[in-house]
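Peer 1: Here it is, the structure in full.
The values are calculated or read from the model by the stated rules, or taken from the named source; none is laboratory data. Nothing here was measured: the structure is a model prediction, and the numbers come from that model. So basically every Cβ, Gly included, is an ideal-geometry build from the backbone, and we count neighbours across all protein chains shown.
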Amino acid sequence: MGNPKINKFFTNPSILETALTHRSWVNEHPNQRGNNERLEFLGDAVLEFIISKELYNRFPDKEEGYLTALRANLVNTSNLASVAEKLGIGNLLFLSKGEEETGGRTNQSILADTIEAIIGGIYLDGGIEKSEEFIKEFILSSLDDKLAQPLKDAKSLLQELVQARGYPAPKYEVVSETGPDHDKTFSIQVIINGKAQAIGTGKNKSEAAQDAAKKALSKLSQ
């Protein structure tokens, strides 16, 4: 696992090894070590907290909606996968032969999940300050680039996420319309890979669809 950019954040190499271990490898090598999914769960929370704190402090005049959209642009699958690619994570992964043969080392979802697992590992190994160092160096370093671009809305981010996982684009269906014509409330559900994932509400269809996408993003990121 020769990557000094990552190794410097760990004192315990076995934690890093687990962070790089996909569940497919564990299936082929039982009773050797666990996969990285628990670390991914922890890292996701650490990442969101540190990004949220940084944006809250850096943009004291911005509303919650702006901060949420900016955070989503930093922590979405596409951005985390690009961080993983720059760090050469694909070459370090422990994958099954089957996963490797089907492109696992360049799979955006696997790469993004591994970045979260690495952050979880850094937190376990070195605490919140080390985690913050990693996030500032490799993720928040792209903040200025994100600020120079239009912020993506929830529907765009959801489409990126599901396509990175190999699913077709989400579908949006009106569930109900209530209230008088001048004050309607729309409910729209978003369907991903044939399954209804979330229902959003709004004063028009666009607003309801964005709300549904936001809820689906939160659900799929857990």
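Peer 1: Go through (1) over 20 Å from the mean Cα position of the chain (by Cα); (2) of a type outside the set (A, V, I, L, M, F, W, C); (3) within 27 Å of R71 (Cβ to Cβ) and name the single condition N36 misses.
Peer 2: (1)
Peer 1: Of the residues E54, E64, which is in the same structural domain as F134 (by TED's automatic domain parsing) and modelled with pLDDT of 90 or more?
Peer 2: E54
Peer 1: Step by step: first the residues of the range 101-115, then only those that are more than 13 Å from N36 (Cα to Cα) and not polar (S, T, N, Q), then the one that is surrounded by the most Cβ atoms within 10 Å (Cβ to Cβ). Which residue is that?
Peer 2: Ranking the candidates gives G104 first.
Peer 1: For the list (1) out of contact with any His (no Cβ under 8 Å at 6 or more places or on another chain); (2) surrounded by 18 or more Cβ atoms within 10 Å (Cβ to Cβ), I need the number of the one condition that N36 fails.
Peer 2: Among (1) out of contact with any His (no Cβ under 8 Å at 6 or more places or on another chain); (2) surrounded by 18 or more Cβ atoms within 10 Å (Cβ to Cβ), the lone unmet condition for N36 is (1).
Peer 1: Name the single residue, out of those in the range 89-116 being touching a Ser or Thr at 6+ places or on another chain (Cβ under 6 Å), of a type in the set (A, V, I, L, M) and assigned to a helix (DSSP H, G or I), that is nearest to I15 (Cα to Cα).
Peer 2: Filtering the range 89-116 for residues that are touching a Ser or Thr at 6+ places or on another chain (Cβ under 6 Å), of a type in the set (A, V, I, L, M) and assigned to a helix (DSSP H, G or I), the one nearest to I15 (Cα to Cα) comes out as I89.
Peer 1: Check the range 211-221 and report whether any residue there is farther than 29 Å from L74 by Cβ and either modelled with pLDDT of 85 or more or not acidic (D, E) (or both).
Peer 2: Looking through the range 211-221, none of the residues is farther than 29 Å from L74 by Cβ and either modelled with pLDDT of 85 or more or not acidic (D, E) (or both).
Peer 1: Can you say whether K130 is in the same structural domain as S78 (by TED's automatic domain parsing), surrounded by 15 or more Cβ atoms within 10 Å (Cβ to Cβ), in contact (Cβ under 8 Å) with a residue 24 or more places away in the chain and not in a strand (DSSP E or B), as far as the supplied structure shows?
Peer 2: yes
Peer 1: Can you confirm whether N27 is under 18 Å from E160 (Cβ atoms) and either at pLDDT below 95 or not hydrophobic (A, V, I, L, M, F, W, C) (or both)?
Peer 2: No: the conditions fail for N27.
Peer 1: Looking at S14, S24, S82, which is the one that is out of contact with any Lys or Arg (no Cβ under 8 Å at 6 or more places or on another chain) and over 18 Å from I139 (Cβ atoms)? Spell out how you get there, then give the answer.
Peer 2: Details: S14 fails: out of contact with any Lys or Arg (no Cβ under 8 Å at 6 or more places or on another chain); S82 fails: over 18 Å from I139 (Cβ atoms).
Criteria check complete, one pass: S24.
Peer 1: When you look at L70, is it in contact with a helix residue (DSSP H, G or I) (Cβ under 7 Å, 6 or more places away or on another chain) and over 15 Å from L20 (Cα atoms), yes or no? Before you say what the answer is, go through the steps one by one.
Peer 2: On the way: in contact with a helix residue (DSSP H, G or I) (Cβ under 7 Å, 6 or more places away or on another chain): yes; over 15 Å from L20 (Cα atoms): yes.
The answer is yes for L70.
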